[in-house]
Each structure stands twice: as structure tokens, then as C-alpha cells.
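**Student:** My questions will all concern the structure given below.
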Amino acid sequence: MDVGFIGLGQMGSQIAGNLIEAGHRVTVWNRSADKAAPLVAEGASLAATPAEAARQPVVMSMLADDRALEAVAFGEDGILASGTPTIHVSMSTISIAIADRLASAHRDAGQTFVSAPVFGRPLAAAAKKLFVVAAGPAEAVAICQPLFDAVGQRSFNLGETPNKANIVKLSGNFLIMTVIESLAEAMTLAGRYGVDKSMLLDTLTGSVFGGLIYEVYGKVLVEEKYEPAGFTLPLGFKDMSLVAEAAVAAGVPMPMLSLGRDRLIATMARERPELDWASMAKTVEANAGL
Ligand code: NAP
């Protein structure tokens, strides 16, 4: 399939590489053009603008946040200005508000909007092990299915309204934050009683706390390996702020979210922004005098 790909950061570069490997003809664009070079060497075409990348039946975007997506979609040379009835598949973790805005702007431009955020860190992206959470007009989602299959281990279809995929993604990231916080508290407590982190984690994940998130983030906490980050502190804070925005709009109090968001603020004040968001465990430890 001919597909455009916009946003070649940690996640996007892996996803675009897997699309090429699966035999799709990929046209890439990134704000910092140098990041496109390795993919061009693998056979991708280089677009001069997002609009040019969008002159394909499908264009996928994987960008940092709402602001980046806004620039790439609504900008002068943006996807909406491509003059092509493309399907825009947004894989970024974004707000409900911008998903709604994009769905209607694309409809008005004779285009289609599909939300398809993903679960899985850059290593999972590299291994084609992402979980794709998709929602949008059924026909468009069906057209995109071979693309989802090329980059992920499983995809979920949440129906016709794009923002449903975004709220599921935000809910999942909220739960990941609570796992990091609670594991960090448990490890700090057990450490005080002479149980080291790996002994605690092996016992818990080997008994009643099996599961990918406990295992992946538990390992990060045990090894205190916060660099290179799979998912940085500012991106984690961005996501928790998006959850807060959605919660306020819906009138849903989320006290655990407030605690975790404050923990991220404190960690960003203490640490460097390049660290993984799991480094919020360092603030938990510091509060215990460690
Ligand atoms: P990243 O490495 O920081 O890449 C961000 C991308 O956005 C880069 O291509 C960057 O371009 C582009 N960008 C930022 N601001 C822009 C702007 N104003 N205009 C145009 N382009 C802009 O981030 P990532 O880790 O790949 O994450 C991308 C998205 O996936 C985020 O929404 C994140 O929440 C989500 N996500 C991440 C993970 C993870 O574990 N990393 C997992 C699941 C979902 P430049 O190269 O020019 O800076």
C-alpha cells in the first residue's frame, strides 16, 4: 500500500521501518529532516512537507503531542491542505478535544480521520509487538488493517468514534502511572525491611502480580535504568495532563491521578527531562530519606 508517515521520533522511526519491511511504499516527513535519512536508505521516499506526505491513500502520524499534531495537520502545508481524500491515522497520544476537532476538520476537507494510538515502548515498536487501539469509520479502519498488522501484535477496534480509542489509551497510561507509583512505594517499603527490589519483584510477578506492565516497569525500577528513556518524564506528564483534562470535562474525580501528576511535577523539578517517567520512583525514595 502507498502510505505517508509523519513523525520519525523514537516510536515513529521504528513503525515506519516496519511498514517498509512489510513491503509498503512509504513516504516520510519529519520536522528535523536528518531523522529521515536512515529510512530513505531503507527505501522510503522523502516528502518536502506534511501535505506532500499526505498525498497517499493513507497517511499515518506519530508526533509528540497535540501542538505537534496541530502544526502538522492544520499548518499551511499540513495534511488538511493536501487536496487528497486521504485517511489520516493518528497514532500519537493526544487529547480527546483534538481528536474531535480533527475528525470534523478532516470530514469537512473530504478526508477521513482514524485514531489509532498504541501501547508498547520503542523496543516493542521495533519488534512489531505494539498493541494498536483503533477507532474511526469502519471502512477506513478496514483499509488500515494491513498497516496495523505490519507494526503490531494485535489491534482492537473500538467503533466509529475516533475519540474512544484516545480515551482507552489515556486510561491505560493512567493505570501504568499507578503501577509505577505503587511498585516504587512497595519496593521502598520492602527495602527498609531488608528485602531487595529484585526479590520482591520476582516473588510478586511470579505469584499474583504477573503481567506485562508489572514485569516491564518492575525491571526498570529494579535496575534503576532510567536512561535511555523509553518514555520520557515530559511525555508522561503530558499524558497525565490529558487524562486530567478529560476527567475535568467529564466531571470524574481521580485522586490517584492527582497524586501521580504531582509526583511527576516533583520529579521533573529534581531530575533531567531525558529520564524515563519511571524515575518518579526516585522521588518516592527521596521522600523516604533515601
Ligand atoms: P519523540 O521521540 O519525542 O518524537 C516526537 C516526534 O514529534 C518527533 O518526530 C518530533 O520531531 C515531532 N514533533 C515534536 N514537536 C513537533 C512540532 N511542533 N511540529 C512537528 N513535529 C513535531 O516521541 P515518541 O516517544 O516517539 O512518542 C511519540 C508519540 O507516541 C507521543 O504522543 C507519545 O505519547 C506516544 N507514545 C510513546 C511511547 C513511548 O514509549 N515512547 C509509547 C506509546 C505511545 P523532531 O524530530 O523534529 O523533534
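**Student:** With every protein chain in place, what's the accessible area of Met1 (1.4 Å probe, Å², nearest 10)?
**Tutor:** Near enough 60 Å² of accessible area.
**Student:** Explain nothing, just compute: Karplus ³J(HN,Hα) = 6.51 cos²θ - 1.76 cosθ + 1.60, θ = phi - 60°, for every residue of the stretch 78-95 in order, whole Hz, x for Gly and Pro.
**Tutor:** x, 4, 5, 8, 6, x, 10, x, 6, 9, 8, 9, 9, 9, 5, 8, 10, 6
**Student:** Cα convex hull of the stretch 2-160: mean projected area in nm², to one decimal?
**Tutor:** Value for the stretch 2-160: 7.7 nm².
**Student:** Another one. With every protein chain left in place, what is the accessible area of Asp108 in Å² (1.4 Å probe, nearest 10)?
**Tutor:** It works out to around 130 Å².
**Student:** Sort Val222, Val132 by heavy-atom solvent-accessible area, probe 1.4 angstrom, most to least.
**Tutor:** Val222, Val132
**Student:** Now for a separate question. Mind checking the alpha-carbon convex hull of the stretch 199-263 and giving the volume per residue in Å³?
**Tutor:** Here the figure is 115 Å³ per residue.
**Student:** Continuing with this model, one more query. Just how many pairs of Lys in the chain have C-alpha atoms closer than 15 Å, counting pairs that are eight or more places apart or on different chains? Intermediate results must be reported in sequence, preceding the final value.
**Tutor:** On the way: Lys169/Lys238; Lys197/Lys219; Lys197/Lys225; Lys197/Lys282; Lys219/Lys282; Lys225/Lys282.
Total qualifying Lys-Lys pairs in the chain comes to 6.
**Student:** Could you state how much accessible area Met62 has, in square angstrom rounded to the nearest 10, with a 1.4 Å probe and all protein chains kept in place?
**Tutor:** Roll a 1.4 Å probe over it and Met62 shows about 30 Å².
**Student:** Could you tell me the center-to-center distance, by alpha carbons, between the stretch 215-270 and the stretch 1-30 in angstrom?
**Tutor:** Here the answer is 28 Å between Cα centres.
**Student:** Sticking with this one: With a 1.4 Å probe and all protein chains kept in place, how do Phe174, Phe74, Phe113 rank by accessible area, largest first?
**Tutor:** Listed by decreasing accessible area, they come as Phe74, Phe174, Phe113.
**Student:** Now a separate question. How many percent of Cα pairs in the chain exceed 34 Å?
**Tutor:** Value for the chain (Cα pairs over 34 Å): 23 percent.
**Student:** Beyond 17 Å, what share of the Cα-Cα pairs of the stretch 166-287 is found? Please give it as a whole percent.
**Tutor:** Across the stretch 166-287, Cα pairs with separations above 17 Å total 55 percent.
**Student:** Continuing with the same structure: Using helices alone, I'd like the mean residue ellipticity at 222 nm for the chain: each DSSP H run of four-plus residues gives -39500 (n - 2.57), total over residue count, nearest 500.
**Tutor:** -16500 deg cm²/dmol
**Student:** Would you list the membrane-span-like helices of the chain, meaning whole DSSP H runs whose alpha-carbon atoms span at least 30 Å along their axis and whose mean Kyte-Doolittle value is at least 0.5? Numbers along the way, then the final one.
**Tutor:** Details: long enough: 163-192 (44 Å, 0.58).
Once both thresholds are applied, what remains is 163-192.
The values are calculated or read from the model by the stated rules, or taken from the named source; none is laboratory data. Being a predicted model, the structure only gives us computed values, none of them experimental. The accessibility values were calculated without ligands, DNA or RNA, using every heavy atom of the protein model including side chains. Shrake-Rupley method; radii C 1.70, N 1.55, O 1.52, S 1.80 Å.
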